[in-house]
1. For q values of 0.10 Å⁻¹, compute log₁₀ I(q)/I(0) with the Debye formula on a Cα-only model of the range 1-124, without solvent.
2. Among bridges DSSP assigns within the chain, what percent are antiparallel (round to 5)?
3. State, to one decimal in nm², a quarter of the convex hull surface area for the C-alpha atoms of the range 192-293, i.e. the direction-averaged projected area.
4. With angles folded into 0 to 90 degrees, how steeply does helix 88-98 sit against the dominant principal axis of the chain? Use alpha carbons for both and round to 10.
5. Given points 7 Å out from each Cα along the Cα-Cβ axis, report the residue 157 to residue 108 separation in nanometres with one decimal.
6. So what is the 222 nm mean residue ellipticity for the chain from helices alone, if each DSSP H run of at least 4 adds -39500 (n - 2.57) and you divide by all residues, rounding to the nearest 500 deg cm²/dmol?
7. Given Cα pairs under 8 Å that are at least 6 residues apart, what percent is the relative contact order of the range 3-98?
8. Grab the beta carbon distance between residue 197 and residue 139, set R0 = 51 Å, and tell me the FRET efficiency rounded to 0.05.
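Coordinate-derived values only; no laboratory data. Here the structure is a predicted model, which is why all the values come from computation and not from measurement. In this analysis, Cβ positions are derived from the backbone assuming ideal geometry, glycine residues included, and neighbour counts consider all displayed protein chains.
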């Protein structure tokens, strides 16, 4: 099945939607989606259907993961609200962006970015304020899923649909290595489990507040490691190291380099006060740290930069 066909089924109220939150179901009902169901009615064992799934708890998230790569299981569109922010204001904002995609245009841009990356050994990422980041690419790249023909047993997340992403999973420079200065407009974070969320909640609140209150913000990166987080000319790296990345999860190594493809979301209409997966899809560039398991995965997002080939 084509991704565009599944998305059109969703917009036309033909795709069942499942959530573990009555608030989410009520919100969708007010938006005219009447094919909505409580999560307890979803048959995770014998399912052979298609669905849009919105977990707002880690328990429901784990249940949906049971279908992963089962040959005859569902094709799931996934918006994992619990990994970002599961309050109803954030979910409403995210769903507004998801229902407003120009998906054909987005997929063309996504394929263009992946083709550019595949045909390059290095990139320059330069923002309008002359911050410059050099990226060396490996011969073998680890990428997010970019299928347009969907497979049973797979989950297709909002994030991977809206971006071209390469990642360093095997080790700190398995796909790419960054050096230079990267300015950004805002951040989002992803948290994979409750223990991580409880341990880092207050630290994340301090980090987000400091970033949102700063007018100048950039990262100094050396050998694929963040050396400094600069906010209004002040070194605020401690806001990151307080989350103990060095001891728990990959230090401050850049684990993701991605290019957002959603041109309907841009600098003038994005809301940085909301921790939304939609924001990383903004047409621009972002760098990520962490793996979301023991420490948060944090994306530093610039809503304007596109890469330039240098070789």
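1. Cα-only, vacuum Debye calculation for the range 1-124: -0.37.
2. For the chain, the DSSP antiparallel bridge percentage is about 80.
3. Projected over every direction and averaged, the Cα hull of the range 192-293 covers 6.8 nm².
4. Once rounded, one gets 90 degrees.
5. Here the modelled spin labels are 2.8 nm apart.
6. -7500 deg cm²/dmol
7. Answer for the range 3-98 is 26 percent.
8. 0.85
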